[in-house]
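One structure below.
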Amino acid sequence: MRRGYFTTIMAIIGFAFLYAPIVSLVVFSFNESRLVTVWTGFSLRWYAALFNDSQVVAAGLLSLQIAAVSASIATVLGTLAGIALTRLGKFRGKTALTGMVSAPLVMPEVITGLSALLLFVSMDALLGWPGGRGFTTITIAHSTFCMAYVTVVVRSRLVDMDRSLDEAAMDLGATPLRVFFDITLPIIAPALISGWLLAFTLSLDDLVIASFVSGPGSSTLPMVIFSKIRLGVSPDVNALATIIIGIVAIGVVAATVIGARRQPNA
């Protein structure tokens with residue numbers, strides 16, 4: 001009995017340690033005062049100030065565009081890499097490809113960002129492309145970084161997939177391309193969606209790599225938030241964080257409800 005009480009108390013302390021700061025941030029985003037630690041009354045003034053801040057709005061739209069494009073590219077490349085590693089058997093360069101896919105997962109983001117910066121500078125000097133740092137360079141860097149995570153997700157799903165389904169379809173006369181689109185793709189679709197969402201989140205959240213490969217006029221939302229909090233946390237930053245938390249919470253609840261409805265009844 002005592003062990004049960006101890007486990008419950010430790011769980012409460014753990015959840016409080018994790019979520020109490022988030023709750024405090026949400027509450028003080030509705031504070032009327034400019035001071036983020038002194039409650040003076042309920043107000044939505046900081047949400048209005050946030051949407052009137054052109055820098056934050058532009059950075060948010062840019063981050064969403066980069067995240068969407070990067071996630072889509074990473075999903076395509078990660079799916080191809082996952083298929084190559086699981087369906088093509090042994091081929092020359094497989095070990096190197098496996099190492100290249102795994103490297104971004106353990107490589108410090110500082111090293112990844114610095115190497116990408118040196119690559120873009122060298123390419124600009126030799127080829128005249130990409131012609132400065134901005135949307136293109138950030139998208140390429142994020143696509144390369146996120147591709148590794150998509151590959152791991154897709155590869156794990158392909159490993160568990162029953163190969164007899166593909167073999168049966170080919171025995172019936174289907175071409176490999178038809179088998180992929182009619183059999184393999186629908187089965188691995190949840191993994192593709194999961195990989196895309198993971199890549200989108202990683203790109204939207206990235207600060208270190210984007211700081212290396214961005215240029216003037218291409219500051220992402222994490223970069224703008226970081227520059228703001230260096231001068232002290234302001235209530236509009238609390239409002240921005242609350243909006244992001246709300247969007248994530250809606251996504252989690254929606255995914256949970258959809259997953260629960262798809263489960264067969266016991």
Cut-off 13 Å, label 7 Å out along Cα→Cβ of residue 45, residues of region 225-249 by amide N:
235-236
Computed ³J(HN,Hα) along region 181-188: with the Karplus parameters 6.51/-1.76/1.60, θ = phi - 60°, integer Hz and x for glycine or proline, the list is 6, 8, 10, 5, 4, x, 6, 8
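Between residue 114 and residue 160, what's the calculated FRET efficiency when r is the beta-carbon distance and R0 is 41 Å? Round to 0.05.
Values: r = 37 Å, r/R0 = 0.90.
For residue 114 and residue 160, the calculated efficiency is 0.65.
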What percent of all Cα-Cα pairs in region 171-266 falls into each 5 Å bin, going from 0 up to the bin containing the maximum distance?
2, 9, 12, 15, 14, 11, 10, 9, 7, 5, 3, 1, 1, 0
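How would you rank 92-100, 212-220, highest first, on the average number of other Cβ atoms within 10 Å across their residues?
Working: 92-100: 11.4, 212-220: 18.4.
Ranked by mean Cβ neighbours within 10 Å, highest first: 212-220, 92-100.
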Take the Cα atoms of region 206-258, build their convex hull, and give its volume per residue in Å³.
103 Å³
For region 79-136, treating each Cα as an identical point scatterer without solvent, what Debye log10 I(q)/I(0) comes out at q = 0.14, 0.17, 0.30 1/Å?
-0.60, -0.77, -1.08
Distance from a point 7 Å along Cα→Cβ of residue 15 to each backbone N in region 217-254: keep the residues under 20 Å and list them by number.
245-246, 248-254
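With +1 assigned to the C-beta of every Lys and Arg and -1 to the C-beta of every Asp and Glu, and no other charges, what is the dipole magnitude of the chain about the Cα centre in debye, to the nearest 20? Provide the component values of the computation, followed by the final result.
On the way: 17 positive and 13 negative charges, 96 e Å.
Roughly 460 debye for the chain.
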Mind listing the phi-derived Karplus ³J(HN,Hα) values for region 147-158, rounded to whole Hz, using 6.51, -1.76 and 1.60 with θ = phi - 60°, and x for any glycine or proline?
4, 4, 5, 5, 4, 4, 5, 5, 4, 5, 6, 5
What do you get for chymotrypsin sites (Phe, Trp or Tyr not before Pro) in region 82-155 restricted to DSSP loop and a cutoff of at most 12 other Cβ within 10 Å of the site's Cβ?
91
Over the Cα atoms of the chain, how large are the radius of gyration and the largest Cα-Cα distance (Dmax), in Å?
23.1, 73
For region 1-108, what is the largest minus smallest coordinate of the Cα atoms on each principal axis, given in angstrom and ordered from greatest to least?
67, 57, 22
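Read the figures in this text as sums done on the coordinates, not as results from a lab. This structure is a prediction, so every number in the text was calculated from the model and none was measured. No Cβ is skipped: glycine too gets one built from the backbone with ideal geometry, and neighbour counts run over all protein chains shown.
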